[in-house]
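Undergrad: One structure is given below, represented as C-alpha coordinates, and several questions about it will come after.
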Amino acid sequence: MSGRWRHLVWIPQVVLALAIGGGGLAKLFGDPAMVDLFADIGAGQWFRYAVGTLEVAGAIGLLVPRLAFASALGLVGLLAGAAVTNAAVLGVSVLTPLAYLAVAAFVAYARRPTRAAEVTARGSRRPGRSPR
(Lines give C-alpha, C1' and ligand atoms only; values in the text may rest on other atoms or scores of the structure.)
Protein backbone atom coordinates (compact mmCIF):
# COMPACT_ATOMS: atom_id res chain seq x y z
CA MET A 1 0.00 0.00 0.00
CA SER A 2 1.43 3.37 -0.96
CA GLY A 3 2.28 6.06 1.55
CA ARG A 4 -0.81 8.20 0.96
CA TRP A 5 -3.19 5.27 1.38
CA ARG A 6 -1.38 4.05 4.49
CA HIS A 7 -2.00 7.47 6.03
CA LEU A 8 -5.69 7.42 5.06
CA VAL A 9 -6.14 4.12 6.92
CA TRP A 10 -5.71 6.11 10.14
CA ILE A 11 -9.22 7.56 9.69
CA PRO A 12 -11.20 4.31 10.07
CA GLN A 13 -8.56 3.05 12.50
CA VAL A 14 -9.10 5.96 14.92
CA VAL A 15 -12.89 5.89 14.50
CA LEU A 16 -12.89 2.16 15.30
CA ALA A 17 -10.62 2.72 18.31
CA LEU A 18 -12.96 5.40 19.67
CA ALA A 19 -16.09 3.29 19.14
CA ILE A 20 -14.66 0.07 20.56
CA GLY A 21 -12.82 1.87 23.37
CA GLY A 22 -15.95 3.74 24.39
CA GLY A 23 -17.94 0.51 24.56
CA GLY A 24 -15.16 -1.13 26.54
CA LEU A 25 -15.08 1.70 29.07
CA ALA A 26 -18.86 1.52 29.44
CA LYS A 27 -18.51 -2.17 30.28
CA LEU A 28 -15.67 -1.60 32.74
CA PHE A 29 -17.38 1.29 34.53
CA GLY A 30 -20.61 -0.68 34.92
CA ASP A 31 -23.00 1.24 32.70
CA PRO A 32 -26.46 -0.08 33.69
CA ALA A 33 -27.26 -0.99 30.06
CA MET A 34 -24.09 -3.09 29.89
CA VAL A 35 -24.80 -4.76 33.23
CA ASP A 36 -28.29 -5.70 31.99
CA LEU A 37 -26.93 -6.86 28.63
CA PHE A 38 -24.44 -9.24 30.20
CA ALA A 39 -27.08 -10.45 32.65
CA ASP A 40 -29.19 -11.37 29.59
CA ILE A 41 -26.21 -13.19 28.06
CA GLY A 42 -26.00 -15.27 31.23
CA ALA A 43 -22.23 -15.69 31.37
CA GLY A 44 -21.81 -13.62 34.54
CA GLN A 45 -20.53 -10.13 35.16
CA TRP A 46 -16.92 -11.34 35.07
CA PHE A 47 -17.45 -11.75 31.33
CA ARG A 48 -18.41 -8.07 31.05
CA TYR A 49 -15.08 -7.12 32.64
CA ALA A 50 -13.19 -9.53 30.37
CA VAL A 51 -14.82 -8.20 27.18
CA GLY A 52 -14.42 -4.59 28.34
CA THR A 53 -10.73 -5.14 29.05
CA LEU A 54 -10.19 -6.76 25.64
CA GLU A 55 -12.02 -3.90 23.92
CA VAL A 56 -10.00 -1.19 25.69
CA ALA A 57 -6.74 -3.05 25.02
CA GLY A 58 -7.70 -3.49 21.37
CA ALA A 59 -8.59 0.19 21.03
CA ILE A 60 -5.27 1.27 22.53
CA GLY A 61 -3.44 -1.20 20.32
CA LEU A 62 -5.09 0.24 17.21
CA LEU A 63 -3.45 3.57 18.01
CA VAL A 64 0.06 2.09 18.34
CA PRO A 65 1.47 1.48 14.85
CA ARG A 66 3.50 -1.59 15.86
CA LEU A 67 0.42 -3.18 17.48
CA ALA A 68 -2.27 -2.10 15.01
CA PHE A 69 -2.26 -5.30 12.94
CA ALA A 70 -2.44 -7.64 15.94
CA SER A 71 -5.05 -5.48 17.67
CA ALA A 72 -7.26 -5.32 14.59
CA LEU A 73 -6.96 -9.08 14.16
CA GLY A 74 -7.91 -9.63 17.81
CA LEU A 75 -10.88 -7.33 17.43
CA VAL A 76 -12.03 -9.33 14.39
CA GLY A 77 -12.27 -12.38 16.64
CA LEU A 78 -13.96 -10.46 19.45
CA LEU A 79 -16.50 -8.94 17.07
CA ALA A 80 -17.22 -12.31 15.46
CA GLY A 81 -18.07 -13.56 18.95
CA ALA A 82 -20.27 -10.52 19.52
CA ALA A 83 -22.15 -11.20 16.27
CA VAL A 84 -22.72 -14.83 17.21
CA THR A 85 -23.87 -13.82 20.70
CA ASN A 86 -26.25 -11.23 19.26
CA ALA A 87 -27.81 -13.79 16.92
CA ALA A 88 -27.78 -16.97 19.01
CA VAL A 89 -28.22 -15.73 22.58
CA LEU A 90 -29.81 -12.29 22.47
CA GLY A 91 -31.82 -12.61 19.25
CA VAL A 92 -30.95 -9.08 18.11
CA SER A 93 -29.43 -7.69 14.92
CA VAL A 94 -25.88 -8.61 14.03
CA LEU A 95 -25.44 -5.54 11.82
CA THR A 96 -23.43 -3.40 14.26
CA PRO A 97 -20.81 -6.00 15.24
CA LEU A 98 -20.47 -7.10 11.62
CA ALA A 99 -19.95 -3.51 10.47
CA TYR A 100 -17.24 -3.03 13.12
CA LEU A 101 -15.79 -6.42 12.12
CA ALA A 102 -15.54 -5.28 8.49
CA VAL A 103 -13.66 -2.14 9.53
CA ALA A 104 -11.34 -4.14 11.81
CA ALA A 105 -10.66 -6.63 8.99
CA PHE A 106 -9.86 -3.75 6.63
CA VAL A 107 -7.45 -2.24 9.18
CA ALA A 108 -5.82 -5.64 9.75
CA TYR A 109 -5.38 -6.08 6.01
CA ALA A 110 -3.99 -2.58 5.55
CA ARG A 111 -1.61 -2.90 8.51
CA ARG A 112 -0.45 -6.45 7.78
CA PRO A 113 3.31 -6.95 7.92
CA THR A 114 5.06 -6.92 4.59
CA ARG A 115 7.67 -9.45 3.58
CA ALA A 116 10.40 -6.79 3.70
CA ALA A 117 9.44 -5.89 7.27
CA GLU A 118 9.59 -9.56 8.31
CA VAL A 119 13.07 -10.00 6.86
CA THR A 120 14.50 -6.88 8.50
CA ALA A 121 12.77 -7.67 11.79
CA ARG A 122 14.63 -10.99 11.95
CA GLY A 123 17.92 -9.15 11.73
CA SER A 124 18.80 -10.15 8.19
CA ARG A 125 21.19 -7.89 6.38
CA ARG A 126 19.47 -5.34 4.19
CA PRO A 127 20.99 -4.67 0.77
CA GLY A 128 23.56 -1.89 0.78
CA ARG A 129 24.50 -2.22 4.45
CA SER A 130 27.74 -3.59 5.70
CA PRO A 131 27.68 -6.62 8.02
CA ARG A 132 28.30 -5.99 11.69
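Undergrad: Note down all Cβ pairs under 9 Å where the first residue falls in segment 9-35 and is more than 17 Å from residue 69 (Cβ to Cβ) and touching a residue at least 40 places away in the same chain (Cβ under 8 Å), the second is among the aliphatic types (A, V, I, L, M) and assigned to a helix (DSSP H, G or I), and they're at least six residues apart or on different chains.
TA: Short answer, once both residue conditions are applied: 15/103; 18/59; 19/59; 19/103.
Undergrad: A follow-up question, please. Considering only segment 1-22, state which residues are in contact with a Phe, Trp or Tyr (Cβ under 9 Å, 6 or more places away or on another chain) and under 17 Å from residue 82 (Cβ atoms).
TA: 16, 19, 20
Undergrad: Further question on the same structure: Can you find a residue in segment 64-86 that is modelled with pLDDT of 95 or more, assigned to a helix (DSSP H, G or I), loosely packed, with under 14 Cβ neighbours inside 10 Å and of a type in the set (A, V, I, L, M, F, W, C)?
TA: yes
The values are calculated or read from the model by the stated rules, or taken from the named source; none is laboratory data. Note that the structure is a prediction, hence the values are computed from the model and not measured. In this analysis, Cβ positions are derived from the backbone assuming ideal geometry, glycine residues included, and neighbour counts consider all displayed protein chains.
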